[in-house]
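The structure appears right after this line, and notes come after that.
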Amino acid sequence: MIVRTYEEDEFQVHKLPVMAMGIVVAITLAMTMSVSFGFFDRQGVPAEVRAADGVMSVDTRSLKFFDTPEGGVLVTDGATGDELARYAPNTGGFVRATARALIQGRMVRDIGPAVPFELISWDNGSMTLRDTQTGQAVEVSSFGAKTNDVYKDILNKGRDQ
């Protein structure tokens, strides 16, 4: 049997990675403290920012989302039941993701699909998809112009321009 003894200085930690980690921690703490002390603005809650800026809603439409038998997503007007959009499987990714996220929030709270979601257009050009039952909201405009346009088409579908 071979037994090896180790010298005390045989195991060494490289200084560069330890120093780099220390710098990252120091920068993180400095940034956190600078926000706490008011050197930088805190990230705003969209509803609070809109209220402070006096942004008003321009248009609202109630929406319901349904899974279709072939695996697509159907978007209907919550008041009339008219079809507003239909997305085949593997299309309409953002609409599919936002709808499923909001529906999941309802399922966790045992809330059914009876009450429609609200799609709100604001006078600054932004849009919000909101669930009045859970309080959840998705700021559609924060995901880019294409996403905003998709929801703008849903909002205006079947209405006189």
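Values in this text are rule-based calculations from the coordinates and carry no lab data. Being a predicted model, the structure only gives us computed values, none of them experimental. Cβ: placed from backbone, ideal geometry, glycine included. Neighbour counts: every protein chain shown.
About the Cα centre of the range 16-161, how large is the charge dipole given +1 on each Lys and Arg Cβ and -1 on each Asp and Glu Cβ? Please answer in debye to the nearest 20.
Roughly 300 debye, rounded to the nearest 20.
The lysines whose alpha-carbon is closer than 27 Å to the alpha-carbon of Lys64, local same-chain residues fewer than 8 away aside, are Lys146, Lys152, Lys157. The H on the amide N of Gln136, modeled in the peptide plane, is under 5 Å from the matching H of Asp131, each at least 5 residues off or on a different chain. Both radii come from the Cα set of the chain: Rg as radius of gyration, Rh as Kirkwood radius; their ratio Rg/Rh reads 1.27.
Normalised Debye scattering of the range 78-161 at q = 0.14, 0.17 Å⁻¹ gives log10 I(q)/I(0) of -0.50, -0.75, counting only Cα atoms as equal scatterers and leaving out solvent.
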